[in-house]
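Shown next, in structure tokens, is the structure this report addresses.
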Amino acid sequence: MAGSNRLSNARKAKKDEFYTQLEDIEKELKHYKEHFKGKTVLCNCDDPRVSSFFTYFSHHFESLGLKKLITSCYKNQNIESFSKNSSKTGAYLEYTGDKNGNRIPDTEEIEVKELKGDGDFRSDECKELLKQADIVVTNPPFSLFREYLQQLIDFNKKFLIIGNVNAISYKECFKLIKENKMWLGASIHSGDRKFGVPDDYPLNAATCGIDDKGQRFIRVKGVRWFTNLDYKERHEDLPLYKNYNKDEYPKYDNYDAINVDRTSEIPCDYYGYMGVPITFMDKYKPEQFEILGLDNHTINDGLGAGANKIKGKTIYRRIIIKRKK
């Protein structure tokens with residue numbers, strides 16, 4: 001898949017500075033407003049010059065009822081849009097709301113502070129910022145997604161972050177999903193998404209370009225929100241229409257589970273084990289389905305690995321599920 005190839009190239013080149021569009025943030029955040037009242041929000045992978053996360057939370061500070069907004073950036077970012085002082089170290093911004101009544105985050109209302117180190121989210125001083133936060137919302141580096149997520153779990157934080165859909169199959173991520181400690185967000189279920197990129201990012205692909213504001217961008221497929229913030233839509237049952245037919249739903253070579261190629265084709269009258277695509281997680285309802293494992297992970301009740309073959313033919317990754325009665 002072209003989008004996946006571009007993500008892979010980004011990892012290799014450490015070109016991880018993909019800037020999320022304000023439109024995509026607005027579409028997702030509207031599902032979680034009740035979570036933010038009285039909370040401190042941290043966006044700790046964000047260049048304030050181009051961060052739509054900072055724009056969103058600073059302009060919605062009062063309507064969300066936030067306590068504080070903290071945005072930190074790495075040392076190679078420029079903070080001159082908020083301060084005349086240049087710095088070779090990392091920096092972070094603190095915003096505690098409108099002071100002059102115009103309901104706009106003015107420059108003088110945003111406190112800019114320099115860090116002693118480079119602003120890496122793994123540094124001790126950035127961990128101190130993380131300790132202050134109730135909710136973390138950002139687009140972490142693609143190449144460090146596992147490590148970034150693990151830090152959020154270690155610090156027991158609520159979060160809403162962006163990653164690639166293939167992260168579902170990472171061992172660390174899947175464990176959280178299986179235990180209903182993390183799930184996919186509400187707004188992105190298919191297609192590609194536009195991300196801004198730095199001025200030195202190579203625009204070699206057909207889906208790269210420069211928009212009418214002069215911002216360089218790239219379109220990436222397979223993007224999802226990952227979160228542990230609940231929202232009502234994920235508890236609405238997935239409508240099921242098809243009936244089970246053994247000819248349409250062949251079983252895997254090594255154990256008793258049927259293969260389902262599309263989430264929309266999950267049979268309404270079958271309660272045994274089923275293998276579904278990882279994109280099933282876009283429609284997963286915890287009250288309706290139980291997640292048992294991945295096709296290459298051992299399943300608790302003794303089912304083995306390797307459910308991705310039918311009559312010797314390898315198929316795409318599958319999540320093993322069963323219906324709840």
Looking at Lys113, Lys127, which is the one that is of a type in the set (D, E, K, R), in a helix (DSSP H, G or I) and either at pLDDT below 95 or open to solvent by 30 Å² or more (accessible area, probe 1.4 Å) (or both)? Lys127
What's the number of the condition Gly38 fails, among (1) modelled with pLDDT of 80 or more; (2) of a type in the set (Gly, Ala, Ser); (3) open to solvent by less than 10 Å² (accessible area, probe 1.4 Å)? (3)
Checked segment 110-136 for anything under 15 Å from Cys73 (Cβ atoms), in contact (Cβ under 8 Å) with a residue 40 or more places away in the chain and among the hydrophobic types (A, V, I, L, M, F, W, C); matches are Ile110, Leu115, Phe121, Cys126, Leu129, Leu130, Val136
Filtering segment 270-280 down to residues that are part of a loop (DSSP other than H, G, I, E, B) and either within 30 Å of the chain's Cα centre (by Cα) or surrounded by 14 or more Cβ atoms within 10 Å (Cβ to Cβ) (or both) yields Tyr270, Pro277
Output the residue which, of all residues in segment 192-244 that are among the hydroxyl-bearing types (Ser, Thr, Tyr) and surrounded by 10 or more Cβ atoms within 10 Å (Cβ to Cβ), is farthest from Phe155 (Cα to Cα). Tyr244
Exactly one of (1) touching a helix residue (DSSP H, G or I) at 6+ places or on another chain (Cβ under 9 Å); (2) buried (at least 18 other Cβ atoms within 10 Å of the Cβ); (3) under 27 Å from Phe142 (Cα atoms) is unmet by Gln21. Its number? (2)
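Go through Lys171, Lys158, Lys175 for me and flag whichever is of a type in the set (Lys, Arg) and at pLDDT 95 or above. Steps first, please.
Details: Lys171 fails: at pLDDT 95 or above; Lys175 fails: at pLDDT 95 or above.
From the options Lys171, Lys158, Lys175, the qualifying one is Lys158.
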Segment 41-71 - residue that is surrounded by fewer than 16 Cβ atoms within 10 Å (Cβ to Cβ) and among the small types (Gly, Ala, Ser) and, of those, farthest from Lys113 (Cα to Cα): Ser63
When (1) touching an Asp or Glu at 6+ places or on another chain (Cβ under 9 Å); (2) open to solvent by 50 Å² or more (accessible area, probe 1.4 Å); (3) part of a helix (DSSP H, G or I) are applied to Lys175, the one that fails is (1)
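The values are calculated or read from the model by the stated rules, or taken from the named source; none is laboratory data. Predicted, not measured: the structure shown is a model, and the values here were computed from it. Here the Cβ is made from the backbone with ideal geometry for all residues, glycine too, and neighbour counts use every protein chain on show. For accessibility, only protein heavy atoms count, side chains too; no ligands or nucleic acids. Shrake-Rupley method; radii C 1.70, N 1.55, O 1.52, S 1.80 Å.
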